[in-house]
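Down below is the structure, laid out as structure tokens.
Here, each number is a calculation from the coordinates, and none is a lab measurement. Remember, predicted model here, so these are calculated numbers, not experimental data. Virtual Cβ from ideal backbone geometry, glycine too; neighbours counted across all protein chains shown.
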Amino acid sequence: YLQLGAEAAQAGEPTLAAAERVVRDWLATHRIDAGALVLDNGSGLSRRERVSPALLAGVLRAGQAGAQAPELLGTLPIAGVDGTLSRRLKDSPAAGHARLKTGTLRDAVGLAGFVPDASGKPWVFVALLNHPEAAHKGRPVLDALVDWVAGQR
């Protein structure tokens, strides 16, 4: 995020402001409503940052349609196979097929990516849970939702 801002900054423009400008311009170019977006340092680990599920789904749709779609998919762990999903969804219809990024903070969990349904059609998937017990009780809920999507025809 800081590198993006450093490269895009105009004379006298702060790095963080330039990075936010570039991100918001990209979202506008892809007709993604950025009204719910709150950026802080771009890491996704800030307690101040905010993103709506709809905005995140728009980013995934744009990425899916973009020239770097194969690279995007390659960065996402495969359900039940590798990365942060290696021990999750092993017995799911999504195992070996769904590609999802996990997210965990105290009081928040999420999954976002692509889940193919039973006929192979990829669904953009975004689910975010904010609750004091989200880390403990939320993962099974998210996994059940992935199972449901993967079983659709």
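Annotation: of all residues in segment 1-58 being among the hydroxyl-bearing types (S, T, Y) and surrounded by 13 or more Cβ atoms within 10 Å (Cβ to Cβ), the one that is farthest from V109 (Cα to Cα) is T15. For segment 65-84, the criterion of being under 24 Å from A150 (Cα atoms), surrounded by 12 or more Cβ atoms within 10 Å (Cβ to Cβ), in contact with a Pro (Cβ under 7 Å, 6 or more places away or on another chain) and of a type outside the set (D, E, K, R) is satisfied by at least one residue.
In the set A17, A11, only one residue is over 28 Å from R139 (Cα atoms), part of a loop (DSSP other than H, G, I, E, B), out of contact with any Lys or Arg (no Cβ under 6 Å at 6 or more places or on another chain) and not basic (K, R); that residue is A11. Acidic (D, E), part of a loop (DSSP other than H, G, I, E, B) and closer than 20 Å to W148 by Cα, is that true of D33? No: the conditions fail for D33. Remark: D91 falls outside the filter, which requires a residue to be closer than 30 Å to P132 by Cβ, of a type in the set (D, E) and in contact with a strand residue (DSSP E or B) (Cβ under 9 Å, 6 or more places away or on another chain).
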